[in-house]
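Visitor: Please read through the structure below; I'll follow up with questions.
Laboratory data are not the source of any read-out in this text; all were calculated from the coordinates shown. Model, not experiment: these values are computed from the prediction. Heads up, the Cβs are rebuilt from the backbone with ideal geometry, glycines too, and the neighbour counts pull from every protein chain shown.
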Amino acid sequence: MTHAWPWLLGILALTVLVYLPGLHGPFLFDDPPNIVQPISAWLGGQTGWQEIVFGNNSGPLHRPLSMLTFLANAAASGVMPWPFKATNLAIHLACGGLIYALLSRLLSRDPQLKTRARFAALIVSAIWLLHPMQVSTVLYVVQRMEQLSALFTLTALLIYVHARKCFDQGRTRATLIDLFLLLPLATLAAIFSKENGALVPLFCLILELGYFPDSKETARPNAVKLFFCLTLLIPGLFALGWCALHPQWPVAGYSGRLFTLGERLLSEPRVLMDYMGALLLPRGPALGLYTDDFAVSHNLFNPVTTLPAILGLIALIAAACWSRRRIPAFFTGIGFYLAGHVMESTVFPLELYFEHRNYLPSAGFFLAIVGLAHWAGLRLLPHMTNPARSRRLLGTGVVTLLLVLGVATLARASVWDSWSVMAAQGAHQHPDSIRAQMDHATNLMAEGRVDEAQQVLDHVATIQDPAAQHIAVIDTVLLQCMVHHEASPVSVARISAIKGAKLQLPEMLAFEMLGGALNTHDCQGLGTAQLATMITDIVDAAPQPGALIQLWRSRYIASNLYLNAGQYIKAEQQASLAWETGHADPAIGLLLANLEYVNGNVAGAKIVLADANRHIAWWDRRNQELSVKLKQLFESPPPANVIGEPRPQ
């Protein structure tokens, strides 16, 4: 195929068409706290741009490059969903073009595919662009973080391939500039979009082993060895040393999860095999964000698919290693796919399953499939009576596959046009998904279908997950208060029964919603002080460290409830316990300082204020301004009922 670009442009145009129905869908899930709320505050003059760019807490590096693009979207068109989603689609198209450019260069070095490099690269990039699993990344605005990381990762890999080509041509200076200047810059851009951009050196190693093998005729350049020493070996040794000095680190984060590190490591092979199954045979309506129902592996035989998944993954890795020189595309593709999951599918205490983790790695999986299919075809071709007819059938099959994928993606994008439709479909496809059932119940409540919403909550209470049962209890009381303005004693007593269980983020958010409702609506049978006491008892009894966000933030919720009930001493006690963890938001320190002042401890208030000031980031204008006001306030004796309203970010 000498002129592949027209075909690629056609595929890009088809991709735009199948995504169009979803561009006018709403902001969803994590979009409001990460994008809508902070950017609306910026547009309203309440915060500075620095807080948007540097104040996001999705990752340890705050993902400033991704946040900067959200800010640019808002500056150009306000907080409307479709420009944000259209930008995501544009990034998706750019990534597809980069995948084609990268693979066309790599496959030109493939002994089997070099005569069809552009055609194979076109097929892989087309499948990747049109696959319905990508919908939950492209149309989920906050996942631009994943997209931008992929964009800059692909750029870095292209730079790496160019550096290797320059070395082959004897252009040493260009090689060094690529490896030690341009590639690190692209890697930093990927990392500051999302932290898994740090996998760039590992991806480069996979490409090196697959398409730039060391041999007697072509020894590996010293510059390449130095590059991997600086980017993989030394950081790897440093990480191992750090883990040796902090042996508790791998398990510490699991105190906030209902599964252990061991259970996660047992579960992830099943997760990866399930991902690959969905990439091979997309499951239509079952795809999406409601994957929190994925079962945890408790041992090798529970579920029964655990051991087969582990053995299957080992066999796949062995097959990839065997094929390194025989089928480089298969080795490189599988290596690329698994390397892409090293950060999010191993030891870190993240949720088990999310489709967006396959966004870039899936390009490697599709490369492996195309490479394996070509290898098998070469062995079957001599036995075919009409090779020309077989090639025509192959072309027809490829076109049919792309059309089927396009139709499937169009159907998924159409569902993403409506949150209520997506939640209803998710609740039907994933009956044990807490996220799906609660979103469905929320939409039913908003539509006034109270009895149906209660039925959904009753179903949630039957899910074999403590968090689901707790949320059903809390939200049943919320429904009673919002609709009937009265909470039944039995339902309220069930909230108290949560005491002694692990507290998860969903329960904390449910308490936040119920507390907000009580602060604005009267509810006979449940007052703000009563709910605050129940939350306090639940947090006190939780078998978890108080530094977890769901615990200290629950104390903040209780403090505000006591505050609104006029019980300032108890409000101060809960704010103090939250602040003493050393992990709470600076706004809680400001709240505590204000409460100490109101309760007559002016000296203590000044000490807490000074401590809070040390934790306020340079970009946090709101808390800086509030701190100045409190400092001025503390110069005078405390009048009655002077209470500020700091809010955690």
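Visitor: Given an 8 Å cut-off on Cα distances and at least 6 residues of separation, report the relative contact order of region 5-413 as a percent. Don't skip to the end; give the middle numbers.
Guide: Values: 507 pairs, mean separation 82.1, N = 409.
Dividing the mean separation by the residue count of region 5-413 yields 20 percent.
Visitor: Quick one: if you stick a label point 7 Å off each Cα along the C-beta vector at Arg392 and Met513, how many nm between them?
Guide: Result for the modelled spin labels: 5.9 nm.
Visitor: Just the number: Rg to Rh for region 431-580, Cα atoms, Kirkwood Rh, two decimals.
Guide: Values: Rg = 14.8 Å, Rh = 15.4 Å.
Reported Rg/Rh, Kirkwood definition of Rh: 0.96.
Visitor: Separate question: For Thr400 and Ser58, FRET efficiency with R0 = 45 Å and r from the beta-carbon atoms, rounded to 0.05?
Guide: For R0 = 45 Å, the calculated efficiency reads 0.70.
Visitor: Work from the charge dipole of region 433-511 (Cβ charges, +1 for Lys and Arg, -1 for Asp and Glu, about the Cα centre) and give the residue of Leu457, His485, Phe511 farthest towards its positive end.
Guide: Phe511
Visitor: Moving to a separate point now. Subtracting the Cα-Cα distance from 0.36 nm times the residue separation, let me have the gained length for His484 to Ala315 in nm, one decimal.
Guide: On the way: separation 169, 0.36 × 169 = 60.84 nm, distance 5.87 nm.
Once the chain is fully extended between His484 and Ala315, it gains 55.0 nm.
Visitor: Test of understanding: ordering Asp274, Asp439 by Cβ neighbours within 10 Å, fewest first, what list do you get?
Guide: Details: Asp274 16, Asp439 23.
Fewest-to-most ranking of Asp274, Asp439: Asp274, Asp439.
Visitor: What residue among Ile569, Asn623, Ala532 has its Cα farthest toward the positive end of the dipole of the chain, where the charges are +1 on Lys, Arg and -1 on Asp, Glu, each on the Cβ?
Guide: Asn623
Visitor: Now, a different point. Using just the helices of the chain, give the 222 nm mean residue ellipticity in deg cm²/dmol: DSSP H runs with n ≥ 4 each add -39,500 (n - 2.57), and the total is spread over all residues, rounded to 500. List each step's numbers first, then the result.
Guide: Working: 31 runs with 420 residues, N = 649.
After summing the helix terms and dividing by the residues of the chain, the value is -20500 deg cm²/dmol.
Visitor: Using the 10 angstrom Cβ neighbour count as an exposure proxy, how do Phe29, Phe330, Phe167 rank, fewest first? Each step should come with its number before you reach the end.
Guide: Details: Phe29 15, Phe330 25, Phe167 21.
Arranged by neighbour count, lowest to highest, Phe29, Phe330, Phe167 become Phe29, Phe167, Phe330.
Visitor: Take the eigenvalues of the Cα gyration tensor for the chain, scale each by 5, and report the square roots as semi-axes in whole Å, largest first.
Guide: On the way: eigenvalues 480, 166, 108 Å².
Over the Cα atoms of the chain, the semi-axes work out to 49, 29, 23 Å.
Visitor: For Lys629, give me every one of the lysines with a C-alpha distance below 19 angstrom, ignoring sequence neighbours fewer than eight places off in its own chain.
Guide: Result set, ordered by chain and number: Lys606.
Visitor: Okay, next question. What FRET efficiency would be calculated for the residue pair Asp30, Thr115, taking the C-beta separation as r and a Förster radius of 41 Å, to the nearest 0.05?
Guide: Working: r = 46 Å, r/R0 = 1.12.
Approximately 0.35, to the nearest 0.05.
Visitor: Straight-line reach only, C-alpha to C-alpha below 21 angstrom: list the lysines that Lys114 could link to, leaving out same-chain residues fewer than 8 apart.
Guide: Qualifying lysines at Cα under 21 Å: Lys165.
Visitor: State the extension gain, in nm to one decimal, for the chain segment bounded by Gln37 and Ser418, taking 0.36 nm per residue of separation less the distance between their alpha-carbons.
Guide: Details: separation 381, 0.36 × 381 = 137.16 nm, distance 2.04 nm.
Result for the pair: 135.1 nm of gain on full extension.
Visitor: Okay, moving on. Would you work out which of Gly97, Ala239, Ala376 lies farthest towards the positive end of the dipole of the chain, given +1 charges on the beta-carbon of Lys and Arg and -1 on that of Asp and Glu, about the Cα centre?
Guide: Ala376
Visitor: Take the Cβ-Cβ distance between Phe238 and His298 as r, set R0 to 45 Å, and report the resulting FRET efficiency rounded to the nearest 0.05. Each step should come with its number before you reach the end.
Guide: Details: r = 34 Å, r/R0 = 0.75.
Between Phe238 and His298 the formula returns 0.85.
Visitor: Taking neighbour counts of Cβ atoms within 10 Å as a proxy for exposure, in what order, fewest first, do Leu403, Leu103, Leu503 appear? Can you show the working numbers first?
Guide: On the way: Leu403 12, Leu103 29, Leu503 24.
Ascending Cβ contact count within 10 Å gives the list Leu403, Leu503, Leu103.
Visitor: Then there is this: Give, rounded to the nearest 20 debye, the magnitude of the charge dipole that the chain has about its Cα centre when Lys and Arg contribute +1 at Cβ and Asp and Glu contribute -1 at Cβ. Don't skip to the answer; put the middle values down first.
Guide: Details: 44 positive and 43 negative charges, 678 e Å.
Value, rounded to 20: 3260 debye.
Visitor: Report relative contact order for region 345-461 in percent, whole number only (criteria: Cα-Cα under 8 Å, sequence separation at least 6).
Guide: Working: 41 pairs, mean separation 13.0, N = 117.
This gives 11 percent for region 345-461.
Visitor: Can you name the helices of the chain, as whole DSSP H runs, whose Cα span along the helix axis is 27 Å or more and whose Kyte-Doolittle mean is not below 0.5? Don't jump to the answer; show the numbers that get you there.
Guide: Working: long enough: 81-107 (39 Å, 0.94); 144-168 (36 Å, 0.52); 261-280 (29 Å, 0.43); 361-380 (29 Å, 1.23); 387-415 (42 Å, 1.04).
Once both thresholds are applied, what remains is 81-107, 144-168, 361-380, 387-415.
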